[in-house]
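Before any comments, here is the structure.
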Amino acid sequence: MTLIPGVEHLVGGQYDAGGDPAVAFDSQGHVYYAGLGFNRTSPPNTVTVNKGTFGGGGSLSWGPPTFINQTTSPATLNDKEWIGADWHASSPFRDRVYVSWTRYIFNPAHGNYVQSPIAFAYSPTGGATFSAPQLISANVLYSQGSRVVVGYDGTVYVFWEGATRLATLDGTWMVKSTDGGASFSRPVEIAPLQDIIPPANTVFRVNSFPAADVAPNGDLYVAWSSQQSNSGGLCSSRTNTGCHLTALYSKSTDGGTSWATPTPIFPTLDASTRTAIGYPVTQPDGSTLTAPAARRVDTFWPAVAISQSGRVYMSAYAADVVSPWQTCASGPPPPEGRINCTTLGNYINNARLDYAVADLSTGTSNIVSTHPINTRYHFGGGFIGDYTDLAVGSDNTFHAFWTDTNNVQNVVWWYGLEFVPTPVHQQDVATASGNY
């Protein structure tokens, strides 16, 4: 494991912390790491890009960071960046590096949220310098979760979730640039969505941000999550009653001018109900917890990857299992309380996740995780794998990765506190590769 240099204090940087990792490769095999730098209790924050170079034997060395849109203003927060690189031999902008992010703007007098346009910058110098940031979301002022992809002809596409001032629903939006990121088209709304809420019987945070990719022939694929009615269509409100989370996708064959009707990535999973495991269970007071009523499977956080031969893969989490989980009735306050429980409490219903991958080219889909993931173990703040993703090689083999919480390790030190070795569930990166 290597720490990215020059951003955080720990590695010689000027910021307290970093986060939101994204990577891209150029045609020469360089890797670019985009992230954030920020202070925890004061305004300074920035978007960062480090360039990595592979040496003999596969060793990887990182250069210093390039900071984009550094600010000390309490009214501005740079967040949720993404990076793309043009690795295509036929592109007139080959090896340009592109970064998009959300610029949250707050009222400096009282701190209230004002708007959050999507910002963009490009580098023609291998990440050494970047263009002045430009705002590309036009009147879609309430935006976040952008994703940059680059076509084989050098066209740059940016997708995001957002809403205009008078809109009643969010939507998935897109702009494109045909001049290497110098200018962009007006935004096109691909489809409206009902912003998802945490799946039933979970407590982690979620979002409806899109993922996308471009096929060699120029076809565009974009996927996102939406709260859908069990009877079809968008859910009328953000509720799990009569509704469930669905990973959807749409396709454009005309460069993003028009889009097909959104379709579930996993239609069979989407139409099925969760499997209950481990019921009934006796509560500490002698009562019994039985399995909850049948509920549709929730699918969410999709990823998209298209091979150089046009094979289209998509992936997502599926909350397809529910089982009992024993709560903590009392324990010490955080940070110790995050890993130490004094008195166990009642059992509750706990949705567990599998990770699924679909090959849209063959109509095949499979669960690739080896066991359901316990959703009650997650990083402080409700994070549980926001950055799951999918890639595909030139041999049409997909490579999926996601967050798994089932492995246990013994903790001796935690936030400066020493423990008798205490077994805890940690978040690990799980991976799977295949070719359907």
For this session: Kindly provide the set of residues from the range 39-59 that are at pLDDT 95 or above and out of contact with any Asp or Glu (no Cβ under 7 Å at 6 or more places or on another chain), ordered by number.
Result: Pro44, Asn45, Thr46, Thr48, Val49, Asn50, Lys51, Gly52, Thr53, Phe54
For this session: Give the residue, chosen from Gly385, Gly381, that is outside any strand (DSSP E or B), out of contact with any strand residue (DSSP E or B) (no Cβ under 9 Å at 6 or more places or on another chain), at positive phi and at pLDDT below 85.
Result: Gly381
Exercise. Got at least one residue in the range 150-172 being at positive phi, surrounded by fewer than 24 Cβ atoms within 10 Å (Cβ to Cβ) and in contact with a strand residue (DSSP E or B) (Cβ under 7 Å, 6 or more places away or on another chain)?
Worked result: no
Exercise. When you scan the range 53-132 for strands (runs of 3 or more DSSP E) that lie fully inside it, which ones turn up with 3 or more residues that are surrounded by 16 or more Cβ atoms within 10 Å (Cβ to Cβ)?
Worked result: 66-71, 76-85, 97-106, 118-123
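I want to confirm something. Restricting to the range 227-278 and keeping residues that are among the aliphatic types (A, V, I, L, M) and surrounded by 15 or more Cβ atoms within 10 Å (Cβ to Cβ), which single residue is nearest to the chain's Cα centre (by Cα)?
Across the range 227-278, the extreme among qualifying residues is Ala247.
Each row is one residue, and each column tells you yes or no for (1) in contact with a Ser or Thr (Cβ under 8 Å, 6 or more places away or on another chain); (2) under 23 Å from Asn201 (Cβ atoms); (3) assigned to a loop (DSSP other than H, G, I, E, B); (4) of a type in the set (Lys, Arg).
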| residue | (1), (2), (3), (4) |
| --- | --- |
| Asp354 | yes, yes, no, no |
| Ser365 | yes, no, no, no |
| His371 | no, yes, yes, no |
| Leu390 | yes, no, no, no |
| Trp402 | yes, yes, no, no |
| Gln409 | no, no, no, no |
Exercise. Is there a residue in the range 353-366 that is more than 22 Å from Pro267 (Cα to Cα) and surrounded by 14 or more Cβ atoms within 10 Å (Cβ to Cβ)?
Worked result: no
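Can Gln326 be described as surrounded by fewer than 16 Cβ atoms within 10 Å (Cβ to Cβ), of a type in the set (S, T, N, Q), outside any helix (DSSP H, G or I) and modelled with pLDDT of 95 or more?
Working: surrounded by fewer than 16 Cβ atoms within 10 Å (Cβ to Cβ): no; of a type in the set (S, T, N, Q): yes; outside any helix (DSSP H, G or I): yes; modelled with pLDDT of 95 or more: yes.
Considered against the rule, which asks whether it is surrounded by fewer than 16 Cβ atoms within 10 Å (Cβ to Cβ), of a type in the set (S, T, N, Q), outside any helix (DSSP H, G or I) and modelled with pLDDT of 95 or more, Gln326 comes out as no.
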For this session: Taking the options Ser365, Ser369, name whichever one is modelled with pLDDT of 85 or more, more than 24 Å from Val148 (Cβ to Cβ) and in contact with a helix residue (DSSP H, G or I) (Cβ under 8 Å, 6 or more places away or on another chain).
Result: Ser365
Exercise. Given the conditions (1) touching a residue at least 24 places away in the same chain (Cβ under 8 Å); (2) within 23 Å of the chain's Cα centre (by Cα), and given that Pro43 satisfies all but one, which numbered condition is not satisfied?
Worked result: (2)
For this session: Evaluate the range 254-277: report whether one residue or more is touching a helix residue (DSSP H, G or I) at 6+ places or on another chain (Cβ under 7 Å) and either in a loop (DSSP other than H, G, I, E, B) or touching a residue at least 40 places away in the same chain (Cβ under 8 Å) (or both).
Result: no
Problem set entry | Selection status of Ala132, on the phi < 0 side of the Ramachandran plot, of a type outside the set (D, E, K, R) and under 17 Å from the mean Cα position of the chain (by Cα) | no
Exercise. So Ala358 fits all but one of (1) within 27 Å of Glu161 (Cα to Cα); (2) in contact with a Pro (Cβ under 9 Å, 6 or more places away or on another chain); (3) assigned to a strand (DSSP E or B); what number is the exception?
Worked result: (2)
For this session: Keeping to the range 11-52, report how many residues are crowded, with 19+ Cβ neighbours inside 10 Å and of a type in the set (A, V, I, L, M).
Result: 6
Problem set entry | Pairs with Cβ under 6 Å, 6+ apart, first in the range 392-408 and within 10 Å of Ala430 (Cα to Cα), second assigned to a loop (DSSP other than H, G, I, E, B) and modelled with pLDDT under 90 | Trp402/Gly385; Thr403/Ile384; Thr403/Gly385; Thr403/Gln427; Thr405/Tyr377; Thr405/Gln427
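The values are calculated or read from the model by the stated rules, or taken from the named source; none is laboratory data. On a predicted model such as this, the values are computed, not experimentally measured, just so you know. Methodologically, a virtual Cβ is constructed for each residue, glycine included, from the backbone with ideal geometry; neighbour enumeration extends over all protein chains shown.
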